Amino acid sequence: MRARLVFSLPLLLAVPASAHEAVSPVDRLIHEQMLVLDTHLDTPMLFERPGWQFDERHEYAWDLSQVDLPRMAEGGLDGGFFVIYTPQGELTPEGYRKARDAALMRAMAIQRVMAANGDKIALATTAADAERLDKMGKRIAYQSIENSYPLGEDLSLLETFYKFGVRMAGPVHSKNNQFADSTTDTPRWNGLSPLGKEWVKEMNRLGMVVDGSHSSDAALEQLIELSATPVILSHSGPRALYDHPRNVPDALMRKLAASGGVMQMNSLFLGAGDSSDERSAIEDRQAKWLDLTPAERRQLVADKAALDARQRSNEADFETYMKSLLYAIEVMGVDHVGLGADWDGGGGLAGIEDIAALPRITARLRKAGYSDADIEKIWSGNVLRLLRQAEAHAQGRSRSE
Ligand SMILES: [Zn+2]
């Protein structure tokens with residue numbers, strides 16, 4: 001099939017850029033029939049971009065976006081966690097206030113975009129919602145918080161976001177904050193701060209899933225020990241395969257699995273990226289895609305193709321992604337691994353540039369010998385189990401239920 005594509009230019013042009021390797025009709029059908037969720041969709045960052053519409057099909061090669069409703073249909077992505085992300089700022093009352101307002105605005109943008117597309121997608125707040133919405137033929141929008149910085153020192157704000165429908169949150173992002181040490185900063189708290197420990201209790205009380213991605217190793221270990229319900233890593237990878245602080249060492253992956261937790265495979269930090277000035281100049285031009293004239297757009301696409309031909313944007317590709325995913329499954333078991341590729345947040349690799357390529361993952365897992373039941377656990381069953389456990393705990397039931 002790959003050879004045929006090379007020889008047939010009209011066919012090549014008709015096939016989305018991300019579908020490099022043909023997926024067999026059987027694999028595609030099986031993928032379509034599975035409930036497929038990704039736990040880290042940074043797409044809400046695009047919701048306020050002028051001229052960008054969630055219900056229009058975009059091209060990754062053009063505007064770098066990776067998720068929209070037409071591509072969710074193409075890639076068989078039923079839904080996932082749409083992220084309220086806030087960059088880390090000053091730990092001052094003024095910094096907290098600005099971050100809180102920005103996060104609330106983002107939460108409102110999610111409500112607005114989902115309501116405007118209510119015939120195709122709907123907000124979900126419980127594990128049972130996934131199946132209910134799927135049966136109605138709708139896609140599924142859970143919400144999560146990346147970086148709890150906007151809560152300031154007022155943990156009651158967590159309930160405000162819970163009322164917006166948020167069901168997953170991580171304490172910290174790329175710099176230490178009031179709750180925890182970041183894995184990409186110098187330790188300040190040696191894990192969680194006293195307020196961070198209170199944050200865990202409030203997360204459990206409300207029935208939200210604790211997300212340890214971006215937390216330092218010590219903070220992640222403390223999250224696992226303190227949380228009454230299993231912890232998720234919404235977008236992380238194995239450090240044994242690529243030594244980066246955002247990846248997780250085997251011992252912690254095993255500890256997470258032993259406590260019932262799940263690691264969702266990230267597509268970032270699997271290999272060295274091209275950090276050349278030439279690459280950042282292209283990326284700067286691309287970030288302004290909507291403002292470019294047609295001639296400028298054509299020139300940009302040509303310049304980018306020329307650069308890609310000379311040097312790859314990242315040494316990791318789809319093969320690296322699958323190798324990392326299979327490694328995580330080997331270390332943690334099929335009940336403790338899922339997918340969270342950081343779409344629209346810097347994720348994506350050659351061969352899986354956007355979500356239209358997701359059927360390739362199912363095809364490869366089948367080829368690797370995993371049963372369809374196991375593959376569906378990886379795509380959605382495991383994260384839904386964690387949601388159910390968080391809900392059950394909040395309702396005062398046994399955590400083993
Ligand atoms: Zn992230």
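The values are calculated or read from the model by the stated rules, or taken from the named source; none is laboratory data. Note that the coordinates shown come from a computational prediction; the quantities given were computed from them, not determined experimentally. Virtual Cβ from ideal backbone geometry, glycine too; neighbours counted across all protein chains shown. What goes into the accessible areas is simple: the full protein's heavy atoms, side chains included, and nothing from ligands, DNA or RNA. Shrake-Rupley method; radii C 1.70, N 1.55, O 1.52, S 1.80 Å.
Filter the range 284-304 down to the residues that are free of Cβ contacts under 8 Å to residues at least 60 places away in the same chain and either closer than 20 Å to SER267 by Cα or open to solvent by 60 Å² or more (accessible area, probe 1.4 Å) (or both) and list them by number.
Narrowing the range 284-304 to residues free of Cβ contacts under 8 Å to residues at least 60 places away in the same chain: 284-285, 288, 291-296, 298-300, 302-303.
Passing the criteria: ASP284, ARG285, LYS288, ASP291, THR293, PRO294, GLU296, ARG298, GLN299.
Quick one: which residue in ALA73, ALA115, ALA102 is closer than 21 Å to GLY348 by Cβ, open to solvent by 10 Å² or more (accessible area, probe 1.4 Å), more than 16 Å from the ligand (Cβ to nearest atom) and in a helix (DSSP H, G or I)?
Values: ALA115 fails: closer than 21 Å to GLY348 by Cβ; ALA102 fails: closer than 21 Å to GLY348 by Cβ.
None of the other options fit; the residue is ALA73.
Counting only residues that are buried (at least 20 other Cβ atoms within 10 Å of the Cβ) and within 23 Å of PRO87 (Cβ to Cβ), how many does the range 120-157 have?
Count: 11.
For a quick check of your reading of the model, give me the residue pairs whose first member lies in the range 122-146 and is in a loop (DSSP other than H, G, I, E, B), whose second is open to solvent by less than 10 Å² (accessible area, probe 1.4 Å) and of a type in the set (Val, Ile, Thr), with beta-carbon atoms closer than 9 Å and at least 6 apart or on different chains.
ALA124/ILE140; THR125/VAL166; LYS138/ILE121
Residues that are within 16 Å of the ligand (Cβ to nearest atom), of a type outside the set (Ser, Thr, Tyr) and closer than 13 Å to ALA169 by Cβ: does the range 190-202 have at least one? Lay out the reasoning, then the answer.
Taking the range 190-202 as the starting set, the residues that turn out to be within 16 Å of the ligand (Cβ to nearest atom) are none.
No - not one qualifying residue is present in the range 190-202.
For the range 191-218, what are the residues that are touching an Asp or Glu at 6+ places or on another chain (Cβ under 7 Å) and either over 18 Å from LEU151 (Cα atoms) or modelled with pLDDT under 95 (or both)?
Result: GLY191, SER216, ALA218.
Based on what the data block shows, is THR183 among the polar types (S, T, N, Q) and more than 16 Å from the ligand (Cβ to nearest atom)?
When the stated conditions are applied, THR183 does not pass them.
Of the numbered conditions (1) polar (S, T, N, Q); (2) under 26 Å from GLY381 (Cα atoms); (3) over 21 Å from the mean Cα position of the chain (by Cα), SER156 satisfies every one except a single condition; which is it?
Condition (2) is where SER156 drops out.
VAL209 - would you say it is more than 16 Å from ALA328 (Cα to Cα) and either more than 16 Å from the ligand (Cβ to nearest atom) or surrounded by fewer than 19 Cβ atoms within 10 Å (Cβ to Cβ) (or both)? Walk me through how you get there before you give the answer.
On the way: more than 16 Å from ALA328 (Cα to Cα): yes; either more than 16 Å from the ligand (Cβ to nearest atom) or surrounded by fewer than 19 Cβ atoms within 10 Å (Cβ to Cβ) (or both): no.
When the stated conditions are applied, VAL209 does not pass them.
Would you tally the residues in the range 230-273 being away from the ligand (no atom under 13 Å from the Cβ) and free of Cβ contacts under 8 Å to residues at least 24 places away in the same chain?
4
Scanning for something part of a loop (DSSP other than H, G, I, E, B), more than 16 Å from the ligand (Cβ to nearest atom) and surrounded by 19 or more Cβ atoms within 10 Å (Cβ to Cβ), does the range 221-229 turn up at least one residue?
We begin by selecting, within the range 221-229, every residue part of a loop (DSSP other than H, G, I, E, B); these are 227-229.
When the remaining residues are screened for being more than 16 Å from the ligand (Cβ to nearest atom), the result is 227-229.
When the remaining residues are screened for being surrounded by 19 or more Cβ atoms within 10 Å (Cβ to Cβ), the result is 227, 229.
There is at least one residue in the range 221-229 that is part of a loop (DSSP other than H, G, I, E, B), more than 16 Å from the ligand (Cβ to nearest atom) and surrounded by 19 or more Cβ atoms within 10 Å (Cβ to Cβ).
Keeping to the range 248-258, report how many residues are open to solvent by less than 50 Å² (accessible area, probe 1.4 Å) and either closer than 16 Å to SER213 by Cβ or among the hydrophobic types (A, V, I, L, M, F, W, C) (or both).
Taking the range 248-258 first, the residues open to solvent by less than 50 Å² (accessible area, probe 1.4 Å) are 248-250, 252-253, 256-257.
Within this subset, residues satisfying the condition of being either closer than 16 Å to SER213 by Cβ or among the hydrophobic types (A, V, I, L, M, F, W, C) (or both) are 248-249, 252-253, 256-257.
Count: 6.
For the range 21-34, give me the residue count where each residue is over 19 Å from PRO70 (Cβ atoms) and either modelled with pLDDT under 65 or part of a loop (DSSP other than H, G, I, E, B) (or both). Quick ask: steps written out before the conclusion?
Restricting attention to the range 21-34, the residues satisfying the condition of being over 19 Å from PRO70 (Cβ atoms) are 21-22, 24-27, 29-30, 33-34.
Among the residues that remain, those that are also either modelled with pLDDT under 65 or part of a loop (DSSP other than H, G, I, E, B) (or both) are: 21-22, 24, 34.
Residues meeting the conditions: 4.
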